[in-house]
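Asker: Got a structure for you, written out below as structure tokens; questions coming shortly.
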Amino acid sequence: MISRKLYNRISLLRKERDISRKDLAEKIGVNFQTVGYLEREEYNPSLDLAFKISEYFNLPVEFIFSTKPMKPLSQELYDKTKNQ
């Protein structure tokens with residue numbers, strides 16, 4: 001079975017919170033290189049790992065991961081305020 005590519009915001013969230021790859025890796029129980037593979041979208045996380053990342057950032061899984069390319073957060077914020 002061919003797996004779909006997953007897009008993510010891990011790098012953005014990590015940088016926003018000033019967390020190194022190594023620190024994030026320790027918190028979610030993986031090697032720091034795995035975080036790099038995830039950020040470069042070279043590796044899809046297991047469901048368990050996706051939930052660990054979601055729980056660490058205290059955000060819904062669907063905010064961090066998507067099967068479609070993600071809009072920049074500034075665009076999402078603009079669209080949300082425009083629709084209110």
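We did not get these values from a lab; they are worked out from the coordinates using the rules stated. Fair warning: this is a prediction, and the values are worked out from it, not measured in the lab. Cβ placement follows ideal geometry from the backbone for every residue including glycine, while neighbour counts extend to all protein chains displayed.
Asker: Using only Cα atoms, locate the centre of segment 59-84 and the centre of segment 14-29, then give the distance between them in Å, rounded to an integer.
Answerer: One Cα centre to the other: 22 Å.
Asker: For the chain, build the convex hull from the C-alpha positions and give me its volume per residue in Å³.
Answerer: Per-residue hull volume (Cα only) is 107 Å³.
Asker: Further, regarding this structure: From Cα pairs below 8 angstrom and at least 6 apart in sequence, can you work out the relative contact order of the chain, rounded to a whole percent? List each step's numbers first, then the result.
Answerer: On the way: 65 pairs, mean separation 30.6, N = 84.
Dividing the mean separation by the residue count of the chain yields 36 percent.
Asker: At 7 Å along the Cα-to-beta-carbon direction for both Glu62 and Asp48, put a label point, then send me their distance in nm to one decimal.
Answerer: Label at Glu62, label at Asp48, 2.5 nm between them.
Asker: How far apart, in nanometres, would the label points at Thr81 and Arg4 be if each is projected 7 angstrom from Cα along the Cα-to-Cβ direction?
Answerer: According to this spin-label approximation, the distance is 3.1 nm.
Asker: What lysines could a cross-link reach from Lys80, if we take a straight Cα to Cα line under 17 Å and drop same-chain neighbours fewer than 8 places away?
Answerer: Cross-link targets: Lys71.
Asker: Here's another thing I want to ask about it. Could you give me the ³J(HN,Hα) list for segment 27-33, computed from phi with Karplus coefficients 6.51, -1.76, 1.60 and θ = phi - 60°, whole Hz, x at Gly and Pro?
Answerer: 5, 9, x, 10, 6, 4, 5
Asker: What does the net charge come to around Lys5 if you take all other residues with beta carbon closer than 14 Å to its beta carbon, with K and R at +1 and D and E at -1? Mind showing how you got there, number by number?
Answerer: Numbers: positive: Arg4, Arg40, Lys68; negative: Glu39, Glu41, Glu42.
That works out to 0.
Asker: What are the lysines whose alpha-carbon lies under 20 Å from the alpha-carbon of Lys27, with same-chain residues fewer than 8 places away excluded?
Answerer: Filter leaves Lys15, Lys52.
Asker: Relative to the present Cα-Cα distance, how much length would full extension add between Glu41 and Leu12 at 0.36 nm per residue of separation?
Answerer: Numbers: separation 29, 0.36 × 29 = 10.44 nm, distance 1.30 nm.
So the extension gain works out to 9.1 nm.
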